[in-house]
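Below is one structure, written out as structure tokens; comments come after it.
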Amino acid sequence: MLAFYRMLYPFKPIFKWLNHEQAPTKLFTHREFAFTLQGDVYLRYNSFNTADELKKQVCALNPTRFEIGPMYTAKPKDKKTVRPAAFSPLKRELVFDIDMTDYDSIRTCCSGAGICRRCWGFIAAAVDVIDSAITEQFGFKELLWVYSGRRGIHLWISDPEAMDLTDEQRKAIVGYLTVIEGGKEMRNKVNVRMGPRGPLPPSLQSAVNTLDNHFDDLILDDQDCFRSDEGWESLLQLIPDRKAVDTLRKNWSHASQRSSKGAWADLKKHMKDYPAVVDDIILQYTYPRLDTEVSKHRNHLLKAPFCVHPKTGRVCVPVDAKKIHKFDPSRVPTVHQLLRELDAGASADSAAGGSAWERTSLKPYVEMLERHNATISTRVRQDKIKQDKSW
Amino acid sequence: MYRSSEAQNSETPPGQVQNHSHKHKHSDPHTHLGDYPHRLNFYDKAPQFDVTLEEFEASALDRLRVLAEIESSIARNRTWEELKDMTTKQCRKYLCLDSNTARSIDWAAQRRKDHISHFVLRLAFCRSEELRRRFIKAETTLFKVRYELDDTEERRTFLSSLTFGWEEVNASEVKDVDKNFPEAEKLVNLVPVPPKYKDKPECYKGLYYKVKWTKVSELVEKRKVFLKGGYAYVPIWERDGIIFQEFETFLTGQLELTAKRLPRLDEDTRLVPILDNLSQGFLAGVSTEWASAPASGDEIRAEMIDDLAKNHFPMCMRNIHESLMRDRHLKHFGRLQYGLFLKVLGVSIEEAIVFWRKSFSGITDDKFNKEYKYNIRHSYGLEGKRANYPAKSCQQILVADKPGPSDCHGCPYRHFAPENLESALLSSYASHGLSSTDLPAIMHNVKEGHYHVACTRVFEITHASKGVKKGEGVGGGESITHPNQYAARSRELSGPSEGDARMEVES
Ligand SMILES: [Zn+2]
């Protein structure tokens, strides 16, 4: 692990990403870092003046992972010496966390900590919906999606407007994007219509249009959610029409091998006059399930990109939202693999310049972050020019 | 931007309002309606005229009575309709604002008072995060109440006088609406018209206000607006929501600004105590002064006091009374708080001396006469500067002279440990109908710092047998703001059978 931090972890690009500019600003120096050490020791309120300082401390502590918090009104390491009133979170990327465990009641391939290419489809559908809502509806541009190292994905948004959002406004976005509600005991978890049997709000109508395609591939083909008795029973519970339920149940319990596709076709036929029911089912099975607490508060900590997941050994790498469907979590490099690559490369060409990560399969991922940083830099530059002109 | 005067003229701090008070009273009492064309006020311009110190304080106190009632209504979970009703009643008493159509009314005077009082309270409430939060909530609620009750036409002209930087757009101008919308809605609307508005033709004109989504985050959260590129398109039927949010956001910013400038004001020593007094008024509501005993009524004799205490006293006085009975003594502030309370309750000076002499049974006559009698007579205005000292209000009890470890004065709701308060309440009021199932709600009020609401609730519960309903308080929904008000209302409810005089709760 220490070797990974010393040689591979991209401290400079991470600094640039958090800081938005070349020279350290409060966005970096007043930023909280929290370290988790072996034996679950948790160190909060660390802060650093430069990327090198951060690297030095990480290498000294060799944490299993570290997390990034908000920029505070004062340096977090000085927390004890400033008045409590003078220490509060000010700016923070808008973050989202989508985790596979929230889909356990639907997915049929894996459960709990498990994940495979097939259930990644749920994450892919979620990314499609959230990415387009965030960019098209909220107008944010600087999105970085990061694989969480095991069974989920994080989104970090760095637009200045996003950094400035109050907790109240973050809560509003989360509310806007949350559709699946109610605990285990609530069968019908979708209740978003404008008035009883009313239309869907426009944003969700467009989500349904996106998810409609996913539904066929993911729910009917791949996961085959309605094949088992349990599967189609829970589907029937979402139908408000008693008579239709009785008919369908009779049909389905007699057919010993009915495909999910067939069941869905039957249901659609019976619900011809209730398109709302069909759309709500699509939402319930495929709409993103957000871990809402992470997003609501500026002072919530989230694992830094490029950390290593302690259980899988995989690196939390950036993911291209446009290629999310091709992403395969099992092919993300592990820390051991990277160190092996580095060893092999070093013996072949020990005099090679540049950063060590360039000689490993981490390269495309770091480059992705650097491209993202370039977008941020361009914006910063343009804003400065605008400001200069306005003087 | 429409926020001209206060936000931009940093050379005219809000403190300016009073800086020339008193010294030269040349204020024009006949401010013409031209300054106040609308009943509603967004308070975006600080008053630019002279105000006397009396007007400064009196108008603020009156506004505070209204705001305190709003706070208490919210703390007591009143419905919006009930709250509106209570607030309107309170406004009519203290802060009347009539519409332009009202006859023979000096609108200008009303509006001027409303204007001044708002700005005075800004000064009093900008000084801590907590006070700002409470003030903003109460003021926004007051604005909503008045807005809802405003005459439609007057409201329209008021609104058109505001410029929020909203852009009015027509749905058809928002280009790519087509792909997501059902045919029927597509032509005119971005957001489907909710059933409730189906009959309102103005909802079908496709008129939207385009604003940054962060300005209307509550509507965004509920998905009541169309969102595109970071802008919310607010349909006409949600317009009021954004006005309220504008009001709140604007006031929040202004209070922070005022807070930054306030230190300059501290030099004016006449104002500081007034402002302190006002901000403390929020803690307990503003009580009417209870200065002297009721003019008529049967005499309360010393030996009746114990019985009255058990049946009619609020927790603070019960506590002092029982300490006195137990310890045969009371420390200074306890004597002061209780003595003035008894005076206003109607105990004559003669009976008071009998009562205290009997109670302080451990000391000699000589010591009593020397050390205590003078003070008792003093509190009745018979010694020293012969002032008629009023009994202490809840506000004074809550804030002034905090009890030390061996004191028994103060407000039990505030100064007792929660467990001690619970057991004190039960042992004092179980016989009047208070049960342990009532405690969680009461303790919740206490925890939130709404001590007078907790006390009012206890009053309601212990007088349920007299027909007092939840939310009724000491009558008409009013909360407890004074121990004597509590006792007077309690005795009034028990009827004349006890030989009580009829007393007006409101003086
Ligand atoms: Zn799987």
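For the stretch A:251-275, how many residues meet the condition of being modelled with pLDDT under 90 and either among the aliphatic types (A, V, I, L, M) or surrounded by 14 or more Cβ atoms within 10 Å (Cβ to Cβ) (or both)?
Going through the stretch A:251-275 one residue at a time, the tally reaches 6.
Looking at (1) of a type in the set (A, V, I, L, M, F, W, C); (2) away from chain B (no Cβ under 14 Å); (3) in a helix (DSSP H, G or I), which is the only condition A:Ile239 fails?
(3)
Among residues belonging to the stretch A:207-223 that are polar (S, T, N, Q) and touching a residue at least 60 places away in the same chain (Cβ under 8 Å), point out the one that is farthest from the other protein chains (Cβ to nearest Cβ).
A:Gln223
Look at the stretch B:384-418 and say how many of its residues are basic (Lys, Arg) and more than 25 Å from B:Ser279 (Cβ to Cβ).
Looking only at that region, the number is 2.
Criterion first (on the phi < 0 side of the Ramachandran plot, away from the ligand (no atom under 14 Å from the Cβ) and surrounded by fewer than 17 Cβ atoms within 10 Å (Cβ to Cβ)) does A:Lys75 satisfy it?
no
Residue under question is A:Gly152, and the condition is that it be within 16 Å of the ligand (Cβ to nearest atom) and without any contact (Cβ under 8 Å) to a residue 40 or more places away in the chain; does it hold?
The answer is no for A:Gly152.
Restricting to the stretch A:83-124, name every residue that is without any contact (Cβ under 8 Å) to a residue 40 or more places away in the chain and either away from the ligand (no atom under 16 Å from the Cβ) or charged (D, E, K, R) (or both).
A:Arg83, A:Pro84, A:Ala85, A:Ala86, A:Phe87, A:Ser88, A:Asp104
So how many residues does the stretch A:134-179 have that are among the aliphatic types (A, V, I, L, M), more than 14 Å from the chain's Cα centre (by Cα) and crowded, with 20+ Cβ neighbours inside 10 Å?
Qualifying residue count for the region: 5.
Check the stretch B:93-114 and report whether any residue there is surrounded by 22 or more Cβ atoms within 10 Å (Cβ to Cβ), within 22 Å of B:Glu448 (Cβ to Cβ), at pLDDT 85 or above and not aliphatic (A, V, I, L, M).
Checking the stretch B:93-114: not a single residue is surrounded by 22 or more Cβ atoms within 10 Å (Cβ to Cβ), within 22 Å of B:Glu448 (Cβ to Cβ), at pLDDT 85 or above and not aliphatic (A, V, I, L, M).
Picking from B:Asp98, B:Asp106, which residue would you name as being of a type outside the set (Gly, Ala, Ser) and free of Cβ contacts under 8 Å to residues at least 12 places away in the same chain?
None of the others qualify; the one that does is B:Asp106.
With away from chain B (no Cβ under 14 Å) and more than 16 Å from the ligand (Cβ to nearest atom) as the only criterion, which of A:Asp164, A:Asp131 stands out?
Every option except A:Asp131 fails the conditions.
The values are calculated or read from the model by the stated rules, or taken from the named source; none is laboratory data. Please read all numbers here as calculations on a predicted model, not as lab measurements. A quick note on method: Cβ atoms are made from the backbone with ideal geometry, for glycine too, and the neighbour counts reach across all protein chains shown.
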